[in-house]
Amino acid sequence: MAGTILVGTSSWADPGFVEEWYPKGLPSRDRLRWYAERFRVVEVNSSFYAVPERHTAGRWAQATPNGFVFDVKLHRLLSRHAAKLQELPPELRDGVEVTQRGRVKLTHELESEMVDMLLYAVEPLADAGKLRAFLLQLTPGFSPSRHELGELDSLIERLAPHPVAVEFRHRGWVRGDRAEKTLAYLSERGAVFVCVDAPLEDHIPIMPPIDAVTRDDLAYLRLHGRSAEGYLRGRTVAERFGWRYSDEELEEVAGRVRGLAEQAGEVHVLFNNNRGDDAPTAARTFMALLGQDPGPPPEESQLRMA
C-alpha cells in the first residue's frame, strides 16, 4: 500500500494569495477555513519570524477540520539564520548576547527557552492532533566546513516526539560520500530529510533533486520553482520563488512523490513558489494529477458564516 500524499502550500496568508487567490473581501479570519476546504496540510510560515501566540494556535485548530495538519516552521534563530534582538520574544531579550552587528548569539540555554515557548504556543495544535512536524529550514551558512550535524542534536531531541523535517540550503551536505552520512544522521535521530524541487543548476544554496526517506512515517518535498536567476538574486519572496509550473513539470514531480509514497506512510508536498496565486494553483493542479479531489474552485466558497 502506498503512503498517503498530502498536498498544500508553504503559507496560507501570503500577500499574493490575498491579492490573487482568495475571494475579494474575504475576512482574514476566514482565510484558513477557506484554504482548508481545498487542502489537508499547510506550513505555518509566520513562526519563522515570531513565536505564535498560544490563543492564535488554538484558533487555527478550531478553524480546520479533523484530518487537517500543520507543519510549523522553526524560528529563524533556531534555524541558524541571523536574528536581531527585537525578533526574539520580549520575555527572552534580557541578558542575550549580541554581536557587534546586532545579531543574537545562539546559546544552548537560549535555544532551550525558545523551544519551550514554541512547544507551549503550539500545544493546542498538538492536543487537537493537528501538529505533524516542525520544519527546520537551515541557512546556507550552515555548511559542512563550518558546522557539524551534531549541533542539531539537542533541537531534534527537545522537539520529540514531533518529527523535525530538515531542509538543507547548502548542497555540500549531500555531495559525494557526505550524502550517505547526512542521511544516516537524520535516520538515526528520527528526523526527516526535506527533498526539494528547485532550479537544476550547481550552486551552493540550490539543493539537488535527491529523494530520500529517513523516517518510515513521513517524507517531505518542498517545491521552490525553477528560476535559478530568481533563486540566487531575487530580493523578494516573489522574485526568488516565482514560477508557474507546467503540467509536464508537475507530472515529473508526481513521479518523485509516488516513489516517496512507496517508502513512507505519509508524504507532505508543499508548494513554495509564492508569487501571486502560483502556489495554490499548482497545488490544486497537482492534486488532480494524483487523482485527488482539489476541492471547490477558487471562486466558490463553502464557508458558513455565523
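The values are calculated or read from the model by the stated rules, or taken from the named source; none is laboratory data. All values reported here derive from a predicted model rather than from experimental measurement. For neighbour counting, all protein chains shown are included, and Cβ atoms are generated from backbone atoms with ideal geometry for every residue, glycine included. What goes into the accessible areas is simple: the full protein's heavy atoms, side chains included, and nothing from ligands, DNA or RNA. Shrake-Rupley method; radii C 1.70, N 1.55, O 1.52, S 1.80 Å.
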field: Considering residues of the stretch 80-102 that are within 22 Å of R169 (Cβ to Cβ) and more than 24 Å from the chain's Cα centre (by Cα) only, the residue surrounded by the fewest Cβ atoms within 10 Å (Cβ to Cβ)
entry: R101
statement: Checked L106, L131 against criteria (in contact (Cβ under 8 Å) with a residue 24 or more places away in the chain and open to solvent by 50 Å² or more (accessible area, probe 1.4 Å)); the one match is L106
- prompt: What single numbered condition from (1) more than 21 Å from E180 (Cβ to Cβ); (2) in a strand (DSSP E or B) fails to hold for H203?
  reply: (2)
statement: Selection from the stretch 264-280 of residues in contact with a strand residue (DSSP E or B) (Cβ under 9 Å, 6 or more places away or on another chain), over 13 Å from V192 (Cα atoms) and outside any strand (DSSP E or B) yields N272, N273, N274, D278, A279, P280
- prompt: Considering only the stretch 99-157, how many residues are of a type in the set (D, E) and touching a helix residue (DSSP H, G or I) at 6+ places or on another chain (Cβ under 9 Å)?
  reply: 5
